[in-house]
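To start, the structure itself, in structure tokens.
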Amino acid sequence: MEAMKKQKNYENGMTLVEIIVSLAILGIMAAIFLPIFTGMFKWIADAGNRDKAVYQARGAVENAMASTTPGADNLIIHINGSATNITLKGRVEAQTVTVGGRTVSVTAYVPNN
């Protein structure tokens, strides 16, 4: 009985093996989830680039319509940074209306049939 009382209990902390196993499990989980997160960031960046391109294209169309004489046969669109122009067959129509003391101008592109 005396021998049992003298024996100390050393189960207060973690062993080195338990720490190594837990670090290995964390490393495996990081290796699995890291490509998922980097893929998400790439997807977000691509979506931002697409939005920027759409914004530039809309601006180019608006600039082309504003600089084209109403009734012209073609609408020529130039996108900044691009060496080519886009030529659309049709005409640009402009209409100005005054309602309640306010004047509104609308310019629209009408394609050929």
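The values are calculated or read from the model by the stated rules, or taken from the named source; none is laboratory data. This one's a predicted model, so the numbers in the text were calculated from it and none came from an experiment. Here the Cβ is made from the backbone with ideal geometry for all residues, glycine too, and neighbour counts use every protein chain on show.
Quick grid of which residues meet (1) of a type in the set (Lys, Arg); (2) surrounded by 12 or more Cβ atoms within 10 Å (Cβ to Cβ); (3) in contact with a Pro (Cβ under 9 Å, 6 or more places away or on another chain); (4) modelled with pLDDT of 80 or more:
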position: TRP43; (1), (2), (3), (4): no, no, no, yes
position: ASP46; (1), (2), (3), (4): no, no, no, yes
position: LYS52; (1), (2), (3), (4): yes, no, no, yes
position: ILE79; (1), (2), (3), (4): no, yes, no, no
position: SER82; (1), (2), (3), (4): no, yes, no, no
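Within the set ILE19, ILE32, the sole residue that is surrounded by fewer than 10 Cβ atoms within 10 Å (Cβ to Cβ) and either under 21 Å from the mean Cα position of the chain (by Cα) or modelled with pLDDT of 85 or more (or both) turns out to be ILE32.
Looking only at region 71-113, residues that are touching a Gly at 6+ places or on another chain (Cβ under 8 Å) and in a strand (DSSP E or B) come to 8 in all.
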